[in-house]
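The values are calculated or read from the model by the stated rules, or taken from the named source; none is laboratory data. As the structure is a prediction and not an experimental result, all values here were calculated from the model. Cβ: placed from backbone, ideal geometry, glycine included. Neighbour counts: every protein chain shown.
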Amino acid sequence: MISRFFHSLRQDQRGVAAVEFALWTTSFFFVIMIAIDFGGYYMQRSKLNTAVGAAAVAAFNDADNVNFTDMPGYVRSLSGDQSATVGLSCNGVAASCTNLNRTCSCLKTDGTYASAACGASCTGTGMTAGSTAGYYFTIDASRPFNAMIIPHSVLDGVAVAQRATVRLQ
């Protein structure tokens, strides 16, 4: 009697389409949510990139009189994120930007700087080929990424970050 019940249960095909639809719909929903999370990450990164790029262009356009004090607020405003962390540095030294008495450096291929006279040719090991010494302004902006569906353990410590360096002198 029990074996006949299981045999008839195995042969019964009613409701199979509904079960398959439920399984596929759930799987499709999770794939879409993960795609939305990645899309959100790239949208946030694009906004931050646009803001940092616009701030670098503004600094370049006002190279002799850059408003370093307002620059972090400018980046936050353009990115639409007031919680973004914005750091400024000149010639690789944080919070040292000035419009008067600027010192020049050569930008090395590893991203560090070597002191040099303004306008001097940058030669030597590790120097960017064909460059001249100048006053380099760097903007770093970042914000944490908060995913909706991807587990936080997968994205532990992931931040949206952008950087731009512009030569002012």
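With the requirement that a residue be assigned to a helix (DSSP H, G or I) and in contact with a strand residue (DSSP E or B) (Cβ under 9 Å, 6 or more places away or on another chain), what does segment 76-90 give you? First the steps, then the outcome.
Here is the first cut: in segment 76-90, the residues assigned to a helix (DSSP H, G or I) are 76-79.
The answer is 76, 79.
Within segment 91-111, work out how many residues are part of a strand (DSSP E or B) and of a type in the set (Val, Ile, Thr). Break it down into steps so the answer makes sense when it comes.
We begin by selecting, within segment 91-111, every residue part of a strand (DSSP E or B); these are 93-94, 105-108.
Checking the rest, the ones that are also of a type in the set (Val, Ile, Thr) come to 93.
Selection size over segment 91-111: 1.
Please go through segment 1-37 and give me each residue that is without any contact (Cβ under 8 Å) to a residue 12 or more places away in the chain and under 19 Å from the mean Cα position of the chain (by Cα), ordered by number. Before you say what the answer is, go through the steps one by one.
First pass over segment 1-37, keeping only residues without any contact (Cβ under 8 Å) to a residue 12 or more places away in the chain: 1-29, 31-32, 35.
Correct list: 35 only.
Name the residue that is surrounded by the most Cβ atoms within 10 Å (Cβ to Cβ), counting only residues in segment 79-111 that are hydroxyl-bearing (Ser, Thr, Tyr) and touching a residue at least 40 places away in the same chain (Cβ under 8 Å).
Filtering segment 79-111 down to residues hydroxyl-bearing (Ser, Thr, Tyr) leaves 79, 83, 85, 89, 96, 98, 103, 105, 109.
Now drop any that are not touching a residue at least 40 places away in the same chain (Cβ under 8 Å), which leaves 79, 83, 85, 89.
Details: 79: 25, 83: 8, 85: 15, 89: 17.
My answer is 79.
Give me a count of the residues in segment 61-75 that are in contact (Cβ under 8 Å) with a residue 24 or more places away in the chain, in a loop (DSSP other than H, G, I, E, B) and surrounded by 12 or more Cβ atoms within 10 Å (Cβ to Cβ).
Of segment 61-75, the ones in contact (Cβ under 8 Å) with a residue 24 or more places away in the chain are 63-66, 68, 71, 75.
If we keep only those that are in a loop (DSSP other than H, G, I, E, B) as well, we get 63-66, 68.
Applying the additional criterion that residues be surrounded by 12 or more Cβ atoms within 10 Å (Cβ to Cβ) yields 63, 66, 68.
Looking only at that region, the number is 3.
Kindly indicate whether residue 56 is under 30 Å from residue 43 (Cα atoms), at pLDDT 90 or above and either aliphatic (A, V, I, L, M) or buried (at least 17 other Cβ atoms within 10 Å of the Cβ) (or both). Even if it seems obvious, please write down each step before you answer.
On the way: under 30 Å from residue 43 (Cα atoms): yes; at pLDDT 90 or above: yes; either aliphatic (A, V, I, L, M) or buried (at least 17 other Cβ atoms within 10 Å of the Cβ) (or both): yes.
Here the answer is yes, as residue 56 does meet what is asked.
Which one of 80, 73, 15 is out of contact with any Asp or Glu (no Cβ under 6 Å at 6 or more places or on another chain), at positive phi and at pLDDT 90 or above?
Numbers: 73 fails: at positive phi; 15 fails: at pLDDT 90 or above.
Answer to the check: 80.
Within segment 112-123, which residues are touching a residue at least 12 places away in the same chain (Cβ under 8 Å) and either at positive phi or in a loop (DSSP other than H, G, I, E, B) (or both)?
Answer for segment 112-123, where residues must be touching a residue at least 12 places away in the same chain (Cβ under 8 Å) and either at positive phi or in a loop (DSSP other than H, G, I, E, B) (or both): 112, 116, 117, 118, 119, 120, 122.
Any residue in segment 131-139 that is small (Gly, Ala, Ser) and assigned to a loop (DSSP other than H, G, I, E, B)?
The first filter runs over segment 131-139 and keeps only residues small (Gly, Ala, Ser), leaving 131, 133-134.
Pick out the ones that are also assigned to a loop (DSSP other than H, G, I, E, B) and you get 131, 133.
Within segment 131-139, one or more residues are small (Gly, Ala, Ser) and assigned to a loop (DSSP other than H, G, I, E, B).
Rundown of residues vs (1) among the aromatic types (Phe, Trp, Tyr); (2) in contact with a helix residue (DSSP H, G or I) (Cβ under 7 Å, 6 or more places away or on another chain), yes/no style:
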residue	(1), (2)
13	no, no
18	no, no
21	yes, no
64	no, no
72	no, no
77	no, no
88	no, yes
92	no, no
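Tell me, which residue of segment 41-62 that is among the small types (Gly, Ala, Ser) and out of contact with any helix residue (DSSP H, G or I) (no Cβ under 6 Å at 6 or more places or on another chain) is nearest to residue 142 (Cα to Cα)?
Step one: list which residues in segment 41-62 are among the small types (Gly, Ala, Ser), which gives 46, 51, 53-56, 58-59.
Those left that are additionally out of contact with any helix residue (DSSP H, G or I) (no Cβ under 6 Å at 6 or more places or on another chain): 46, 53, 56, 58-59.
Working: 46: 12, 53: 13, 56: 15, 58: 19, 59: 19 Å.
Per the stated criteria, the residue is 46.
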